[in-house]
Amino acid sequence: MLSNIRAVIFYFGYSIFTILQGSLGLLIAVCLPPKLRNDYIALWCRTVLWWLKVTCGVTHTVEGDIPKGTFVLAGNHQSPWETIYLQFFISPVSTVLKKELLKIPFFGWAMAMMNPIAINREDGRGAAKQVLKEGKEHIESGFSVLIFPEGTRQSVGKLGRFNRGAANLAVAAKAPILPFAHNAGKYWPAKALAKTPGNIRFIVGPVMHPEEMTARELNQKLELWVQQATNELQGTASDVAASDTQD
């Protein structure tokens, strides 16, 4: 019962932040270049995760080195948490997402400010071509591109089959892949109201360079690393003091 009450308080604040910052963002978006619009929405993301920590006791730690540069970011998808966190993990970033999300009042309008690659998932071939074309353009302009190769959220401990979108883009754009893995679904489940207090582990993997590899080989390497990392995270006790976390 208490966890549900805390979650309701979280979503109340989440809604307020989204409406206020989303509305202000619409007013100033026309005045800001793409990278500054990205920084503005990243502020909303940081505010939401701070509120999550205050209301629900959910924190996070980052394991591994965060390199500088422009990458194709790819990893597992369990929770709304990583969608928010990865908007400022490496900035600026353009996210591959369902175009329907941009129609959500305030939230979708804010996401539209972040130079996303909004695809029609029902048009598989067309969506793949769009990701390649727009992804290369974004990378050339200094944006990293975030792709969830599973396509949709999976339950904790389960990894969906990886499509080759991230690998195809990395090979075509000659951009390295930065893999990641996490256990956010353990603390912020995608299909439940309550949040479980604890510490999310976010693991950054080794940079994978596409040279001398086919997209198929690169995708297999990526999926293998993410699978091994999620196996490590599965069932681990990771509750730590909030003072040990880093943003």
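Throughout, read-outs are computed from the coordinates displayed, never taken from laboratory work. For clarity, every value in this text was computed on a predicted model and none was experimentally measured. Here the Cβ is made from the backbone with ideal geometry for all residues, glycine too, and neighbour counts use every protein chain on show.
Points to keep in mind about this one:
- Net charge over other residues, Cβ less than 13 angstrom from the Cβ of I203 (K, R count +1; D, E count -1): -3
- The range 23-111: trypsin sites (Lys or Arg not before Pro) in DSSP loop, at most 14 other beta carbons within 10 Å: K68
- Taking the Cα centre of the chain as reference, the dipole from Cβ charges on Lys and Arg (+1) and Asp and Glu (-1) amounts to some 620 debye.
- Each label point was placed 7 Å from the Cα along the Cα-to-Cβ direction; for S23 and V8 their separation is 2.4 nm.
- The A190 and I66 beta-carbon pair, evaluated with R₀ = 30 Å, returns a calculated FRET efficiency of approximately 0.75.
- Of K133/K195; K98/K174; K158/K195, those spanning more than 27 Å from alpha-carbon to alpha-carbon: K133/K195
- In the chain, the DSSP-assigned H stretches of four residues or longer account for a calculated mean residue ellipticity at 222 nm of -15000 deg cm²/dmol, using -39500 (n - 2.57) per stretch and the full residue count as denominator.
- Within the chain, helices built from complete DSSP H runs that reach 20 Å or longer along their own axis (Cα positions) and carry a mean Kyte-Doolittle hydropathy of 0.0 or higher are 2-28, 34-56.
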